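The values are calculated or read from the model by the stated rules, or taken from the named source; none is laboratory data. Please read all numbers here as calculations on a predicted model, not as lab measurements. Heads up, the Cβs are rebuilt from the backbone with ideal geometry, glycines too, and the neighbour counts pull from every protein chain shown. Quick note on the areas: whole protein, heavy atoms, side chains included, nothing else; ligands and nucleic acids left out. Shrake-Rupley method; radii C 1.70, N 1.55, O 1.52, S 1.80 Å.
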Amino acid sequence: MKLLVINGPNLNLLGLREPAIYGRQSFKALENFIWETCQQEGIEVELFQSNHEGNIVDRIQEAYGVFDGIVINPAAYTHTSVAILDALKAVALPAVEVHLSDVSSRESFRQISYAGMACVKTYMGLGFEGYRQAILYLKALLGGIISE
Ligand code: DQA
């Protein structure tokens with residue numbers, strides 16, 4: 001089982017960035033957390049972070065035929081990007097959306113998620129743990145333990 005984990009803009013500044021909302025742990029710590037989770041679960045993983053919408057679209061397209069599923073935190077592009085939504089729909093890989101913060105209780109402009117419309121599940125407000133939940137969900141789904 002091979003998963004692609006995509007993180008969008010400004011997530012590379014975790015730790016520095018609005019710590020009251022996103023916590024004090026660095027992006028490197030998040031990457032290590034994802035690596036360790038996947039290692040424990042026997043899952044092969046690739047991590048990708050970009051601040052550029054088109055690069056995220058390219059990476060999703062390249063995932064076709066290579067990865068079994070996608071975990072994606074599109075960050076601010078969540079609320080704006082029809083291109084990321086269309087790319088997820090195009091490759092039709094099972095995708096799970098993650099947000100560190102509870103976007104449902106934040107500003108009104110964060111209430112729409114385009115990417116989420118192409119995702120089988122969303123985890124929000126759980127911090128790093130949301131990524132673990134997303135990985136476990138995809139493992140169960142791809143392993144046939146659960147169905148959407
Ligand atoms: C975020 C929430 C988004 O609204 C925001 O633009 C981000 C991070 C989160 O992980 O909580 O950059 O996706």
ask   = So which aspartates and glutamates pass the test for Lys121, namely a Cα distance under 19 Å, with those fewer than 8 places away in the same chain ruled out?
value = Asp68, Asp86, Glu97, Asp102, Glu129, Glu148
query = Volume per residue, Å³, of the convex hull around the alpha-carbon atoms of the range 38-77?
reply = 75 Å³
Value of relative contact order over the range 39-148, rounded to a whole percent, pairs C-alpha under 8 Å and six or more apart = 24 percent
inquiry  = If I take the Cα coordinates of the range 2-142 and project them onto the principal axes, what are the three extents in Å, biggest first?
reply    = 38, 34, 24
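For the range 4-107, which chymotrypsin sites (Phe, Trp or Tyr not before Pro) are both in a DSSP coil and crowded by at most 14 other Cβ atoms within 10 Å? Walk me through the intermediate numbers first.
Values: sites: Tyr22, Phe27, Phe33, Trp35, Phe48, Tyr64, Phe67, Tyr77; in loops: Tyr64, Phe67.
Answer in residue order: Tyr64.
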note = A correct Stokes-Einstein calculation for the range 50-104, using the alpha-carbon Kirkwood radius, 37 °C and 0.692 mPa s, returns a whole-number D in µm² s⁻¹ of 284 µm²/s
ask   = Roughly speaking, to the nearest percent, how much of the range 2-142's 1.4 Å accessible area is carbon and sulfur?
value = 50 percent
inquiry  = Using a probe radius of 1.4 Å on heavy atoms only, what accessible surface per residue do you get for the chain? Whole Å² is fine.
reply    = 48 Å²
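Report the equivalent ellipsoid semi-axes for the range 70-147 in whole Å, largest first, defined as the square roots of five times the eigenvalues of the gyration tensor built from alpha carbon atoms. Mind dumping the intermediate values first?
On the way: eigenvalues 84, 53, 13 Å².
Rounded to whole Å, the semi-axes are 21, 16, 8.
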